[in-house]
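Take this structure first; my questions come after.
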Amino acid sequence: QTNLPSQTSHCSGKVWSAAIVLKQFLESEKCERLRSDAAVLELGAGTGWLALKMSRRFHQWTVTETEDAGAFERLRRNVALGEGASSDTGTRPTARVLDWNNVDGFTPEPKPDGESRPWDFVCGSDLVYSAKGATALAKCLAAILSGMRPRGKESQRTCCIDEGELDCRRIAIAQTCGRWGGHG
C-alpha cells in the first residue's frame, strides 16, 4: 500500500514495482551493515515513497527528480506531507532537483555544523527507458561516484558500513524489464 497521490500521466507519478523490490533489498541482510547515518542519494525518486518508507532506517536521505512535467513539485509535496517519515528521529528526506545532463556542482548539502559529507550510497528504481536516458544516467553516476567516499582504510572518514567492509561506494538500482514498450 503506497497511500501517496498518484499521477500516471508521467512515469514519476506512480509507485512502480521496482521501488518495492529495491525497498526489500535495502531491508535485507545484504544491506544490514549499512549504517543508519549513511548519506543516501536516491535518483529519480518519483513520488518519494521509497525514501519515506526507509526514513526510519536511514536518517540522511536525499531524493532527486527532474522538473519535467511537474515531477519535482510532486515529489517535494509528497516529502513535505511526510507519510511514513520517521517520527522517532524527526527526519524527513530532503528533496532536490537533479538534471542528469547537468550534474556539475551537485553535492550533498552542508549539515547544520557546516560539514558537507559525500554520499555513501546511491539508489534508484526504474530510471531509464531509452539509450539517451541510459547515457545520461551513466554520466550522472560517474560524476556522483567521483565525489563519493573514498575506498579503504586510507580514508580519514568513518566508513558508512560497520567494520569489516572497506568499500564504501555503493549503488543499487532496480529496473523493471520490458516496461514501456520494451524500454527498461
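Here, each number is a calculation from the coordinates, and none is a lab measurement. This structure is a prediction, so every number in the text was calculated from the model and none was measured. We place every Cβ from the backbone using ideal geometry, glycine too, and count neighbours over all the protein chains shown.
Mind listing the long-range amide H neighbours of R170? Cut-off is under 5 Å, sequence gap 5 or more, other chains count too, H placed in the peptide plane at 1.01 Å from N.
Amide H neighbours of R170: V122.
Counting only residues 5 or more places away or on other chains, whose amide H sits under 5 Å from the amide H of Q60 once H atoms are built in the peptide plane?
Those lying under 5 Å, H to H, from Q60 are V40.
In nm, give the distance between the simple-model label positions of T94 and K132, each being 7 Å from the Cα along the Cα-to-Cβ direction.
Between T94 and K132, the label points sit 3.1 nm apart.
Would you please put 121-130, 37-46, 19-28 in order of how densely packed they are, using the mean number of other Cβ atoms within 10 angstrom per residue and starting with the highest?
For the peptides 121-130, 37-46, 19-28, the packing ranking is 37-46, 121-130, 19-28.
Taking 0.36 nm per residue of sequence separation and subtracting the Cα-Cα distance, how much length would be gained by fully extending the chain between A142 and R56, in nm to one decimal?
Separation in residues times 0.36 nm, less the Cα-Cα distance, equals 28.1 nm.
For S36 and E109, calculate 0.36 nm times their separation in residues minus their Cα-Cα distance, and state this gained length in nm to one decimal.
Extra length from S36 to E109 when fully extended: 24.5 nm.
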